[in-house]
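Visitor: This is the structure I have questions about; it appears just below.
Please treat every number below as a calculation from the coordinates, not as lab data. Please read these numbers as outputs of a predicted model, since none were measured by experiment. Note that each Cβ is placed from the backbone with ideal geometry, even for glycine, and that neighbours are counted across all protein chains shown.
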Amino acid sequence: MSIHQETGTFGVWDYLVFAGMLFISAAIGIYYAFSRGGRQTPKEFMVGDRQMTAMPVALSLTASFISAITVLGTPSEVYRFGAIFSMYAISQVLVVLITAEVFLPVFYKLGIASTYEYLELRFNKHIRLCGTILFIFQTILYTGIVIYAPALALNQVTGFDLWGTIIVTGVVCTFYCTMGGFKAVIWTDVFQIGIMVAGLFSVIIRAAEIQGGINNILNDSYHGGRLNFWDFNPNPLQRYSFWTIVIGGTFTSTSVYGTSQSQVQRYIACKSRFQAKMSLYISLVGHWIILICTILCGLVIYSRYHDCDPWTSKKVSAPDQLMPYLVMDILQDYPGLPGLFVACVYGGTLSTVSSSINALALVTIEDLIKPHFQSLSEKTLSWFLKGTSVLYGALCIGMAALTSLVGVLLQAALSIFGITGGPLLGLFSLGILTTFVNSMGAFVGLTAGFVISLWIGIGAQHYPPLPERTLPLSLNTYGCNITDFHHQANWNSTTETPFSTSPFQVHSAERTPLMDNWYSLSFMHFSTIGTLVTLLVGIIVSLLTGGRKQSLDDRLLLTKEDFLSNFDFLKREELILNPQSYKKEDGGIDNCAFSCVEMHSTDESGKISGPY
């Protein structure tokens, strides 16, 4: 029987390390605000003048996608459900391949600033507006979780002031986004990914020292059933299996990497298509490193507390507080290291929130303001961009107040991406991969996909799946001091009640087949369902409404030339697609937007010019 000592508290050095991270992030914004005498064009503010190279963009892609939700949520999932979540590494390979070879070629050769401008070029302005609204809704809601949930976890474990940290996070993000624009976001992401890796490494190294080495950690995890890497159960209702993670994870992450403005904006800012693709492939390595670190942290938590679960024994009030609890336990004798971990968590928060604010400002200007005010000067546009950045920063801080209604970080975040991102992934796939889907099919398909995804998502919150679907692993308390809590040893709270992330769950004595099947679908598959419903309905409606009669420009579609251009390096040519090599079909383009909306000129490299 082992009794763990009380965790430590934050000291002066911890506060200094955390404050240093915030200060450097803000300083980067100030630097880029005045690097050109304070004169930053709208194009520089939004896409870095399209002169970025692969490495910083790759690090930014990794940092902005890996938020505090990953740092806190993934270890707690591994602690409770096992290391099977490591199969996400396979889905990440598929995500990068699909994004680099299907979506990137089309977006890059069009040279558009807003991803959703493609929807107007391919369909019409109403579809573009639908895509923009869905993105804004998704991003604000997700950003609220990113700001609030880590602040709550750290508040309850370290004593950090809850609303103080929320406001500081929002203000710092808004400050350097507004001051420095896109380049400030990219380079703060580069700095913050270093902080994240350092924070995770410090936990793993110290834990290995305390627990007697990695082998002991793995041995404890093995005997506790945590090394459950392979589960090939094809049942889509099971929370985690090889298939739910690889298939569901691929759909969910592709909806982010392949179509979300926050991510697409980064790789289309690269100075060549080769650099853009390289940024994606390099980011894959970054994802693997962070995934391995977070999986190890989850196993460390189990090894440390396998006989005295802090959640069951009420030492923490939620699973997402397990990681901060571990940090304050094992790093309390090392001044500054708890602060480094908190900087790691908030580095993830800052990178994600800043990416969101920057992307929200861009789509608002490009999709909602410019179409109605096309004569705006560059100076006016610059002020609009800064103003919308401040507005969205304040809105995200306000949204953080509402996210106290969500529970488990990782599930809540992936559910949001699934409900909104899945239908958007289906919509873009219809446009890029088919020649016959028309605007009617696109609209009906998008609507159907969103409604079905939302239906499942809300149902799953109200009627959480039973333990036989979620398969939580045992948590023990026989090693705890009996005075710590009233319940005596060796019981398992994770198998007592259905698992839910919502305080509004409905407990019913009689569960219907709808609850036990439809609503019990793994949250990893929300995006899968949304995408497939959008594709199926969109194709059927288009075929019934004369979609085969339309004529499209090849630049709006994925073509054989896009794949063959991967071998352009053999010709020693710059890897930027030349739109003049794409021939129009007879009959022209049935969508006036292509010839009417800023797509009539080319720059010196031959790439279709963007909005500036």
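Visitor: Counting pairs of alpha carbon atoms under 8 Å apart in space and at least six apart in sequence, what relative contact order in percent does the range 321-397 give?
Guide: Across the range 321-397, relative contact order equals 28 percent.
Visitor: May I ask you to order 244-253, 341-350, 201-210 by the average number of other C-beta atoms within 10 Å around their residues, highest value first?
Guide: 341-350, 244-253, 201-210
Visitor: Could you tell me the relative contact order of the range 162-304? Use alpha-carbon pairs under 8 Å, at least six residues apart, and round to a whole percent.
Guide: 28
Visitor: Under a Cβ-Cβ cut-off of 13 Å, what is the net charge of the residues other than S351 that fall near it, where Lys and Arg count +1 and Asp and Glu count -1?
Guide: Spelling it out: positives minus negatives among the neighbours equals 0.
Visitor: How would the range 311-391 be classified by its alpha-carbon gyration tensor: rounded, prolate or oblate, with rounded meaning a/c under 1.5 and the a/b versus b/c comparison settling the rest?
Guide: prolate
Visitor: Ranking request for peptides 351-357, 187-193: highest mean number of other beta-carbon atoms within 10 Å first, then the rest in descending order.
Guide: With the highest mean Cβ count within 10 Å placed first, the list reads 351-357, 187-193.
Visitor: What value in Å³ per residue do you get for the convex hull of the alpha-carbon atoms in the range 221-325?
Guide: In the range 221-325, the Cα convex hull volume per residue is 151 Å³.
Visitor: Here is a further query. Rounded, prolate or oblate: which fits the range 238-283, taking a ≥ b ≥ c as square roots of the Cα gyration tensor eigenvalues, rounded meaning a/c under 1.5, else prolate when a/b beats b/c?
Guide: Judged from the Cα gyration tensor, the range 238-283 comes out prolate (a/c at least 1.5, a/b above b/c).
Visitor: Here's a follow-up. How high is the relative contact order of the range 132-243, in percent, counting Cα pairs under 8 Å that sit 6 or more residues apart?
Guide: 9
Visitor: Would you calculate the convex hull of the Cα atoms in the range 86-183 and tell me its volume per residue in Å³?
Guide: About 160 Å³ per residue, rounded to a whole number.
Visitor: Apply the Karplus curve 6.51 cos²θ - 1.76 cosθ + 1.60, θ = phi - 60°, to the phi angles in the range 258-270 and return the couplings in whole Hz, x for Gly and Pro.
Guide: These are the phi-based 3J(HN,Hα) values: x, 10, 6, 4, 4, 9, 4, 4, 6, 6, 7, 7, 6 Hz.
Visitor: Return the Rg/Rh ratio of the range 275-361 with Cα-based radii and a Kirkwood Rh.
Guide: My calculation puts Rg/Rh at 1.07.
Visitor: Between beta-carbons, use under 15 Å as the cut-off and find the net charge around F526, counting Lys and Arg +1, Asp and Glu -1.
Guide: Taking every other residue near F526 into account, the sum is +2.
Visitor: I've got another one for you. Do the alpha carbons of any pairs in K277/K386; K109/K271; K109/K379; K271/K370 sit beyond 18 Å of each other, and which pairs?
Guide: K277/K386; K109/K379; K271/K370
Visitor: Among 67-79, 125-137, 12-24, how do they line up from the highest to the lowest mean number of other beta-carbon atoms within 10 Å?
Guide: Sorting 67-79, 125-137, 12-24 by mean packing, highest first, produces 67-79, 125-137, 12-24.
Visitor: Output ³J(HN,Hα) for the range 548-563: one whole-Hz value per residue in order, computed from phi by the Karplus curve 6.51 cos²θ - 1.76 cosθ + 1.60 with θ = phi - 60°, and x for Gly and Pro.
Guide: The phi angles translate into 6, 8, 7, 10, 10, 7, 4, 5, 8, 10, 7, 10, 4, 5, 5, 6 Hz.
Visitor: Let me check I've understood the local charge: for L119, count other residues with C-beta under 10 angstrom from its C-beta, Lys and Arg +1, Asp and Glu -1. What total comes out?
Guide: Every neighbour counted, the sum reads 0.
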